[in-house]
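Each remark here refers to the structure printed beneath this line.
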Amino acid sequence: MAIDLLWAFENEPPPLDFIWPGFLAGTVGALVAPGATGKSFWTLEASMCIACSVAGGDILKLNPPKTGRVIYLAGEDPESALLPRIHAIGKHLSSTARKSIAENLVLESIMGKGLNIMDQRHMKKVLEFCHGARLIVIDTLSRVHHLDENSNGDMAQLVSRLEQVAYLTGGSVLYLHHVNKGSTRDGQADQQQAARGASALIDNARWCGFVEKMSKEKARLMSDRHFDRRPIGDAQRKHFMRFGSSKLNYDAEQSDRWYERQAGGVLIPVELFPAIQENTKRERAANAYTG
């Protein structure tokens, strides 16, 4: 149906509906990261946040304005690998939050089932299964198609198919994807062009987020200890992960967030501070002594 232009001229538009800051409801978004970074764990926690209609389910502190049914299609991991993650996250949730999430989140391993979103028969099943969902997660994109990832034409068709899923189900579609090797090597996983394959994958999506492990440089410059500001250091940096947005079509620029990996891999928000370097401490001590 065409937009009523006269009505739009004369009336204030309704506020935009976001899944989380920057990710507009009813659109297609991407989350990109190198392998074994934590993007699946982050997305599982985010899915639980959206599925939880009571307080206590927002471990990541995304503050979603609305909650609803979530469908998570896990293409890379078998059920045996998903169960420990669910159990570990559950330790950080109240009993009421766990119950609400169980009612509103459908998590299914599709590994080895040969789902091809470009096949019309498979598309029909996906639409039926996901109808009415607020969020549909595809983890990862390469597991649900047989197209050429490096072809802009093919990838434009693929994103268009995901837009059809969003339109016909009423939900938003988030797909997980890997970054290219060069971006991983050069520490540029947070850039919009870091995604592996054709540029249409990100150009045609409406939001793109990233997660990346803490670099050696960041570990030298940042601290999780407010009392002495000691640098995190190379030995501990593996426990910290950064989340942010590299493409925003409908919202202002978002600040990055840091998470610390807890027991079982659970990601918990953490506040980091500028570290005080050892040479600075020695200089302060020397100045105090001579003064």
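Values as computed for the structure displayed
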quantity	calculated
Ser142, sole failed condition from (1) more than 30 Å from Gly264 (Cβ to Cβ); (2) within 20 Å of the chain's Cα centre (by Cα)	(1)
Enumeration of residues in region 246-268 that are more than 15 Å from the chain's Cα centre (by Cα), within 21 Å of Ser40 (Cβ to Cβ) and assigned to a loop (DSSP other than H, G, I, E, B)	Gln262
Hey, Lys66 surrounded by fewer than 20 Cβ atoms within 10 Å (Cβ to Cβ) and either acidic (Asp, Glu) or at pLDDT 95 or above (or both) or not	yes
Filter result (in contact with a Lys or Arg (Cβ under 7 Å, 6 or more places away or on another chain) and either assigned to a strand (DSSP E or B) or closer than 12 Å to Leu44 by Cβ (or both)) within region 77-106	Gly90
Only one of Leu83, Leu115, Leu127 that is surrounded by fewer than 18 Cβ atoms within 10 Å (Cβ to Cβ), over 23 Å from Tyr259 (Cβ atoms) and of a type in the set (A, V, I, L, M)	Leu127
Count of region 33-72 residues which are part of a loop (DSSP other than H, G, I, E, B) and among the polar types (S, T, N, Q)	4
All positions within region 1-32 that are of a type in the set (Val, Ile, Thr) and either within 18 Å of the chain's Cα centre (by Cα) or crowded, with 24+ Cβ neighbours inside 10 Å (or both)	Ile19, Thr27, Val28, Val32
Any hit, region 189-197, residues being at negative phi, acidic (Asp, Glu) and touching a strand residue (DSSP E or B) at 6+ places or on another chain (Cβ under 9 Å)	yes
Where a residue in region 108-130 is in contact (Cβ under 8 Å) with a residue 24 or more places away in the chain and its partner, wherever it lies, is of a type in the set (A, V, I, L, M) and surrounded by fewer than 17 Cβ atoms within 10 Å (Cβ to Cβ), with Cβ under 6 Å and at least six apart	Leu127/Leu168
Condition met for Gly35 (under 30 Å from Glu271 (Cβ atoms), exposed (fewer than 13 other Cβ atoms within 10 Å of the Cβ) and not aliphatic (A, V, I, L, M))	yes
Members of region 220-243 that are surrounded by 14 or more Cβ atoms within 10 Å (Cβ to Cβ) and either modelled with pLDDT under 95 or β-branched (Val, Ile, Thr) (or both)	Ile232
Qualifying residue in region 167-178 (condition: within 20 Å of Ser40 (Cβ to Cβ) and of a type in the set (Ser, Thr, Tyr))	yes
Qualifying residue in region 152-171 (condition: surrounded by 22 or more Cβ atoms within 10 Å (Cβ to Cβ) and either within 15 Å of the chain's Cα centre (by Cα) or closer than 17 Å to Ser245 by Cα (or both))	no
Residue in region 189-208 that is out of contact with any helix residue (DSSP H, G or I) (no Cβ under 7 Å at 6 or more places or on another chain), of a type outside the set (Gly, Ala, Ser) and assigned to a strand (DSSP E or B) present	yes
Search result, residues across region 107-123 that are farther than 24 Å from Ala51 by Cα and assigned to a helix (DSSP H, G or I)	Gln120, Arg121, His122
Residues of region 141-151 classified as crowded, with 18+ Cβ neighbours inside 10 Å and either in contact with an Asp or Glu (Cβ under 6 Å, 6 or more places away or on another chain) or free of Cβ contacts under 8 Å to residues at least 12 places away in the same chain (or both), total	1
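The values are calculated or read from the model by the stated rules, or taken from the named source; none is laboratory data. Model, not experiment: these values are computed from the prediction. Counting neighbours? That spans all protein chains shown, and the Cβs are built from the backbone with ideal geometry, glycine included.
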